[in-house]
Amino acid sequence: MNNLNNLTIKQSYEYLNKKKCSSVELTSSCLEQIEKLNPEINAFITVSELALDEARKADELRSNNQELPLLGIPIALKDIYMTKGLRTTAASNVLRDYIPQYDATVVRKLKEAGAVILGKTNLDAWAHGSSGENSDFGPTKNPWDREYYVPGGSSSGSAAAVAANLCAAATGTDAGGSIRLPASFTDTVGLKPTYGLVSRYGIIAMASSLDSIGHFTKTVEDSALFLNITAGNDPFDATTTNKELPDYTKDLHKGIRGLKIGIPKEYLAMGIDKKIKENFDNALRQIEELGAEIIEISLPHTKYAVACYYIIQPSEVSSNLARYDGIRFGNDRSYFGDEAVRRIILGTFTLSAGYYEAYYKKAMQVRTLIKRDFEQVFNPPAGGVDAIIAPVSPTPPWKLGEKLDNPLRMYLSDIFTTTANLAGIPGLSVPSGFINGLPAGFQILGPQFSEKLLFQIGHAFEQTQERKILDI
Ligand code: GLN
């Protein structure tokens, strides 16, 4: 049987249950695709030698009528998730040979759900970046144009792996757009959950107040399915919620008639590419046709988001990276790349006596204003919007190397994504077609813990689109 690697999670589950294929066949199909394409795309840093064994075990469990939501389904993990006994590098030379002693909570949950772990995917080192080029293991290429274009970052390998059908789904992290941006550049679905919905335990910290733990899938339904497994309280992460959580796959088919959807005017004014605007307008029309009411809204502090993010984030980075002193983990500081050094220096400066008030404290105050902008549109005195839709990136994917010598230009690609992290709200990036052969997507933002509604909207939109399978 060919192309089993093209299947979604849901389809894989059906194939396995109906005995149309085994997990060994499914996993082998992914491993073959990795062998064929990884030398070119560079989506994986490490391929697990245990994948086929795990698949064999899954087949055995299934033949004993064991039922688990991901039993025998091959997935990949961003190489910033700790995996017991499997090298975890954060794509940095500092951790080039680091082998963790325990699994991140999410990894444990995925394993308990029966997933087969194919390996660890490439990223911008320490999750610093928007293009995937800032990896000490070489850049990842956009599978839709492997010669010239970036796949977006920092979860570049996970996005590329799902897009190129090297796996059914993959995990990512999003502190300022690192899931949504690469999802929109690769025609995949990317979820950045509400801060505190998914445990950060065992995931190498970038910016602790911004890091959100999410994933890439081929469909919105798969994204909901995946979140059912990863979400929930974790005693090892005090910021995780105690809320009772819904079944995220429920109500997917409910439609969006009557929902109020806000369009933030600031997002369509700020240096947005004409083609992106056109693509977004088309998506908007579809959403309107599905029966939602479109309302123009204002999020007036949006223009400060990138500046605010690029103070708070490096401040937290400088504190989190201080533990890599060459004594406890991996190699010493001389192994840090330029971007990490830039952020450590910047963050140390913004936290230092005298500058703390002028930069860090100010940025935290602006962060509150950005958060309030959202609260005011979701809960104004007289009823607000249910969700917001906006472009993910102001431009289509750019060429490899194009922004490498200009960090500021690179940072500006995060202009529409950093707001959700600063406010702690969820964002779902959904594919919305192609611009000159390269994918585009838009994001659906909602109040904290509104993931179920975001899936409902994303799913309704997705039904108006044809799923394009990358045939390489
Ligand atoms: N591009 C942003 C940065 O470089 C976002 C990174 C992230 O979300 N991990 O910081």
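The values are calculated or read from the model by the stated rules, or taken from the named source; none is laboratory data. Because the structure is a prediction, the values reported are computed rather than measured. Every residue, glycine among them, receives a Cβ derived from its backbone with ideal geometry; neighbour counts consider all protein chains shown. For the accessible areas, the whole protein counts, side chains as well, though only heavy atoms, and no ligand, DNA or RNA atoms are used. Shrake-Rupley method; radii C 1.70, N 1.55, O 1.52, S 1.80 Å.
Run the simple label-point estimate for Q463 and D97 please: 7 Å along Cα→C-beta, distance reported in nm.
5.5
Restricting to the chain, what percent of DSSP beta bridges are antiparallel, rounded to 5?
Numbers: 30 of 44 bridges.
Roughly 70 percent of the DSSP beta bridges within the chain come out antiparallel.
Could I have the simple spin-label model distance between D53 and E14, label points 7 Å from Cα toward Cβ, reported in nm to one decimal?
3.4
If you stretched the chain out fully between N436 and N3, how much longer would it get, using 0.36 nm times the residue separation minus the C-alpha to C-alpha distance? Show your work: numbers first, answer last.
On the way: separation 433, 0.36 × 433 = 155.88 nm, distance 2.63 nm.
Extra length from N436 to N3 when fully extended: 153.2 nm.
What trypsin sites (Lys or Arg not before Pro) does region 188-245 have in DSSP loop regions with at most 14 other beta carbons within 10 Å? Before the final figure, lay out the partial values.
On the way: sites: R200, K218, K243; in loops: R200, K218, K243.
When the trypsin sites (Lys or Arg not before Pro) of region 188-245 are filtered for loop state and at most 14 Cβ neighbours within 10 Å, K243 remain.
Considering only protein heavy atoms and a probe of 1.4 Å, how much of the accessible area of region 1-77 is carbon and sulfur, as a whole percent?
Working: 1800 of 3960 Å².
Carbon with sulfur: 45 percent of the solvent-accessible area.
Ordered by residue, what ³J(HN,Hα) values in Hz, to whole numbers, does region 70-87 give under the Karplus form 6.51 cos²θ - 1.76 cosθ + 1.60, where θ = phi - 60° and Gly and Pro are x?
Each residue's phi maps through the Karplus curve to give 10, 4, x, 9, x, 10, 10, 10, 4, 6, 10, 8, 5, 10, 4, x, 10, 2 Hz.
Does anything in region 216-252 have its amide N under 18 Å from the 7 Å Cα→Cβ label point of R323, and if so which residues?
Label zone hits: 234-240.
Please give the solvent-accessible surface of C30 in Å², to the nearest 10, using a probe radius of 1.4 Å with every protein chain present.
Result for C30: roughly 0 Å² accessible.
List the residues, sorted by chain then number, that are 5 or more residues from D234 or on another chain and whose placed amide H is less than 5 Å from its amide H.
T240
If I ignore ligands, DNA and RNA and count only protein heavy atoms, how much of R323 is accessible to a 1.4 Å probe, in Å² to the nearest 10?
Accessible area of R323: about 90 Å².
Leaving out ligands and nucleic acids, note down the accessible area per residue over the chain with a 1.4 angstrom probe, in whole Å². Write down the numbers at each step before the final one.
On the way: 18340 Å² over 472 residues.
Per-residue value: 39 Å².
For region 25-68, which GluC sites (Glu not before Pro) are in a loop by DSSP, counting at most 16 other Cβ atoms within 10 Å? Walk me through the numbers before you get to the answer.
Details: sites: E25, E32, E35, E40, E49, E54, E60, E67; in loops: E49, E67.
Counting only loop positions with at most 16 other Cβ atoms within 10 Å, the GluC sites (Glu not before Pro) in region 25-68 are E49, E67.
Once ligands and nucleic acids are excluded and a 1.4 Å probe is used, how much of H301 is accessible, expressed in Å² to the nearest 10?
Roll a 1.4 Å probe over it and H301 shows about 50 Å².
Please identify every one of the chymotrypsin sites (Phe, Trp or Tyr not before Pro) in region 49-120 that sits in a loop by DSSP and has no more than 15 other beta carbons within 10 Å of its own beta carbon.
Values: sites: Y81, Y98, Y102; in loops: Y98, Y102.
Qualifying residues, ordered by number: Y102.
Cα atoms only: what Rg and Dmax, in Å, come out for the chain?
20.7, 66
Give me the aspartates and glutamates in straight-line cross-link reach of K18: C-alpha distance below 16 Å, same-chain residues under 8 apart excluded.
K18 reaches D59, E60, E67.
What is the percent carbon and sulfur in the accessible area of region 152-202, measuring with a 1.4 Å probe over the protein chains and ignoring ligands? Can you show the working numbers first?
Details: 130 of 310 Å².
Carbon and sulfur atoms account for 43 percent of the accessible area of region 152-202.
Taking only DSSP H segments of four or more residues, each worth -39500 (n - 2.57), what value at 222 nm results for the chain once the sum is divided by all its residues, to the nearest 500 deg cm²/dmol?
Values: 15 runs with 165 residues, N = 472.
Here the helix-only value at 222 nm equals -10500 deg cm²/dmol.
Summing +1 for each Lys or Arg and -1 for each Asp or Glu, what net charge is found among the other residues whose Cβ lies under 9 Å from the Cβ of G157? Write out the running numbers ahead of the final one.
Details: positive: K78, K120; negative: D79.
So the surrounding residues net to +1.
At 7 Å along Cα-to-Cβ for each site, give me the label-to-label distance between M270 and S334 in nm.
In this crude label model, M270 to S334 measures out at 4.1 nm.
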